[in-house]
Amino acid sequence: MGSPALALARTAGRLSRRLGRGGGTSLPGKILLRLQPDAVGDLGAGLPRGAGIISATNGKTTTSRLAAAALRAEGWPLVANPAGANLMSGVATALVEGVTRRPSPVAALFEVDEAALVEVARQLRPRVVVLMNLFRDQLDRYGELDRLVDDWVRMIDGLDVGTRLVLNADDPAVASLARRGDDVVFFGVDDTAAALPGLPHAADSTRCWNCSAALDYSAVLVGHLGHWACPDCGLRRPEPDVRATSVTLHGATGIAVRVDTPSGAVEVEVPLPGLHNAYNVTAAVATAAAFGVRLERIGPALRGARAAFGRAERITVDGREVVMLLAKNPAGANETVRTILLDPSPLDVLVSLNDRTADGNDVSWVWDVDFEPLRGRLASLTVTGDRAYDLALRFRYGGFPGELVQVIPDPRRALDAALARGDRRAPLYVLPTYTAMIELREILVRRGAAERFWRDG
């Protein structure tokens, strides 16, 4: 590829950041792809240890960060997209920035949007593909899960022989993607101590992908993830090669996980709360192992990794801790609620709902979130965002006392009001959709409390 195209793309990124128009996480890639449509394949072909891609509805940003830390622990210079720009343009941008660094990168690891996966994989020819979960999300953009599963089948059919698939055994849709002797590593959570009493009413993938019969679950862990079997055709959860055999929840502050692999065990504590993060940790271990990272490197690397921006990120604002927990679809929001309930104290909560393109324009999904367990546990509840009044209506129908809920559509004013309520020694839990999270973080950046997300790597 000619250097003028790369130089122009890099210059565009620098100007974007200098002019305050963003982090330059997508624009350079858009320019490069316009000039050189196969740029991702051309740049990725020069990586000695190849590339990996991680995709999921929930958890791909956190898992990518954890796995990248493990690859770097081997001393491998790495190209990644930690700012979450996960479309083709974001992958291209990361490669533009990465190929000019010294020492030269030897590998790449990208989180990739579910719908962009087919084209990214076609160009990048990845060595490792990690597929973590599929939940209902942004129906106006993605459609139903069947469509994404069909897309992923098409992507897998186009992979090079020898590409390693890392699949979640506990997700029936994802586990169904293994076939025809593919090189597959399954991961899952064996510890069922924190299992749910049954499938949530908004569970998505509850029928057999082979015969359409209703699945039986001996344990439900997160949404429809768990230990499943089909009573009609006999299809069942594969035995995981990489498994979380022990998960200890340390309240709302973190977890301790033991992950068993064919080569031994990894024991790690991370400041990422909730059972869903046990899946992220297990997937990261499986990803690193698939790349050939030595087991003794993985645990220390994961322990030293920080939370991704907006995903259990802790920010101190005027002496009070703010815990940002992205909540962008029913499954993710339910796990976020489940996580903050691990804090035994009365809870101060700010919920922000937007309906912009990156959030999905249809916000009816909030009616599938199980907010009701928060009743009786709240010290204060503030709702904000473009669709603040939709949220207020949801909480009203959920039986939350009207005097408890304050509705402030302006996010800056809402944040100030929420910070002033309750016990300042206790954290303020913030549950935003994606663009709402970016907006709230920008407010905190301007106050000097947080770094811009594109510097958070």
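The values are calculated or read from the model by the stated rules, or taken from the named source; none is laboratory data. Everything quoted here is computed from the prediction, not taken from an experiment. Positions of Cβ are generated from backbone atoms using ideal geometry, with glycine treated the same way; all protein chains shown enter the neighbour counts.
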Selection count, segment 182-235, where residues are within 22 Å of Asn280 (Cα to Cα) and not in a loop (DSSP other than H, G, I, E, B): 18
Taking Ala175 as the residue in question, decide whether it is surrounded by 21 or more Cβ atoms within 10 Å (Cβ to Cβ), at pLDDT below 95, out of contact with any helix residue (DSSP H, G or I) (no Cβ under 6 Å at 6 or more places or on another chain) and closer than 30 Å to Ser246 by Cβ. no
What is the residue count in segment 360-382 for residues that are charged (D, E, K, R) and surrounded by 23 or more Cβ atoms within 10 Å (Cβ to Cβ)? 0
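Counting just the residues of segment 205-239 that are hydroxyl-bearing (Ser, Thr, Tyr) and under 23 Å from the mean Cα position of the chain (by Cα), which one comes out surrounded by the most Cβ atoms within 10 Å (Cβ to Cβ)?
Going residue by residue through segment 205-239, those that are hydroxyl-bearing (Ser, Thr, Tyr) are 205-206, 212, 217-218.
Keeping just the survivors that are under 23 Å from the mean Cα position of the chain (by Cα) gives 205-206.
Numbers: Ser205: 24, Thr206: 14.
That would be Ser205.
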List the strands (runs of 3 or more DSSP E) that sit entirely inside segment 240-347 and contain at least 1 residues that are touching a Ser or Thr at 6+ places or on another chain (Cβ under 6 Å) and modelled with pLDDT under 95. 311-317
The lone exception for Leu66 - which of (1) under 22 Å from Met155 (Cβ atoms); (2) surrounded by 23 or more Cβ atoms within 10 Å (Cβ to Cβ) it fails: (1)
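Within segment 348-358, track down each residue that is part of a loop (DSSP other than H, G, I, E, B), among the aliphatic types (A, V, I, L, M) and surrounded by 19 or more Cβ atoms within 10 Å (Cβ to Cβ). Steps first, please.
Pass one, segment 348-358, residues part of a loop (DSSP other than H, G, I, E, B): 353-358.
Now drop any that are not among the aliphatic types (A, V, I, L, M), which leaves 353, 358.
Once the filter is applied, which keeps residues that are part of a loop (DSSP other than H, G, I, E, B), among the aliphatic types (A, V, I, L, M) and surrounded by 19 or more Cβ atoms within 10 Å (Cβ to Cβ), segment 348-358 yields only Leu353.
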If you check Ala108, Ala51, Ala116, which single one turns out to be within 30 Å of His224 (Cβ to Cβ) and buried (at least 24 other Cβ atoms within 10 Å of the Cβ)? Ala51
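Looking at segment 50-68, which of the residues that are under 17 Å from Gly332 (Cβ atoms) and part of a loop (DSSP other than H, G, I, E, B) is nearest to the chain's Cα centre (by Cα)? Break it down into steps so the answer makes sense when it comes.
Of segment 50-68, the ones under 17 Å from Gly332 (Cβ atoms) are 54-65.
Going one step further and asking which of them are part of a loop (DSSP other than H, G, I, E, B), we end up with 56-59.
Working: Ala56: 7, Thr57: 7, Asn58: 4, Gly59: 2 Å.
Only one residue tops the list, namely Gly59.
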Can you work out which of the residues in segment 215-247 that are touching a residue at least 12 places away in the same chain (Cβ under 8 Å) and in contact with a Cys (Cβ under 8 Å, 6 or more places away or on another chain) is farthest from Leu167 (Cα to Cα)? Asp232
Assuming Gly402 fulfils every condition listed in (1) at pLDDT below 95; (2) under 26 Å from Arg65 (Cα atoms) apart from one, which condition is it? (2)
When you scan segment 82-103, how many residues do you find that are farther than 22 Å from Asp160 by Cβ and touching a Leu at 6+ places or on another chain (Cβ under 9 Å)? 4
Could you please find all residues in segment 28-70 being closer than 10 Å to Ala284 by Cα and of a type in the set (A, V, I, L, M)? Ile54, Leu66, Ala67, Ala68, Ala69, Ala70
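Are there any helices (runs of 4 or more DSSP H) wholly within segment 359-446 with 3 or more residues that are under 17 Å from Val322 (Cβ atoms) and in contact (Cβ under 8 Å) with a residue 24 or more places away in the chain, and if so which?
Working: elements: 388-397, 411-420, 434-446.
Fully inside segment 359-446 and qualifying: 411-420, 434-446.
Suppose we filter Ala202, Ala193, Ala169 for residues that are of a type outside the set (Asp, Glu), surrounded by fewer than 21 Cβ atoms within 10 Å (Cβ to Cβ) and modelled with pLDDT of 95 or more; which single one remains? Give the derivation first.
On the way: Ala202 fails: modelled with pLDDT of 95 or more; Ala169 fails: surrounded by fewer than 21 Cβ atoms within 10 Å (Cβ to Cβ).
Result: Ala193 is the single residue among Ala202, Ala193, Ala169 that is of a type outside the set (Asp, Glu), surrounded by fewer than 21 Cβ atoms within 10 Å (Cβ to Cβ) and modelled with pLDDT of 95 or more.
Among Gly274, Gly292, which is of a type outside the set (Asp, Glu), more than 29 Å from Ala388 (Cα to Cα) and not assigned by TED's automatic domain parsing to the domain that holds Tyr389? Please lay out each step first, then the result.
Values: Gly274 fails: more than 29 Å from Ala388 (Cα to Cα).
On inspection, the qualifying residue turns out to be Gly292.
Just to be sure before I move on: is Arg425 among the basic types (Lys, Arg), surrounded by fewer than 16 Cβ atoms within 10 Å (Cβ to Cβ), closer than 26 Å to Phe135 by Cβ and over 26 Å from the mean Cα position of the chain (by Cα) in the structure I sent?
On the way: among the basic types (Lys, Arg): yes; surrounded by fewer than 16 Cβ atoms within 10 Å (Cβ to Cβ): yes; closer than 26 Å to Phe135 by Cβ: no; over 26 Å from the mean Cα position of the chain (by Cα): yes.
So Arg425 fails the test.
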Mind checking which residues of segment 33-49 are touching a helix residue (DSSP H, G or I) at 6+ places or on another chain (Cβ under 8 Å) and outside any helix (DSSP H, G or I)? Gln36, Asp38, Arg49
Total residues in segment 308-321, condition surrounded by fewer than 23 Cβ atoms within 10 Å (Cβ to Cβ) and aliphatic (A, V, I, L, M): 2
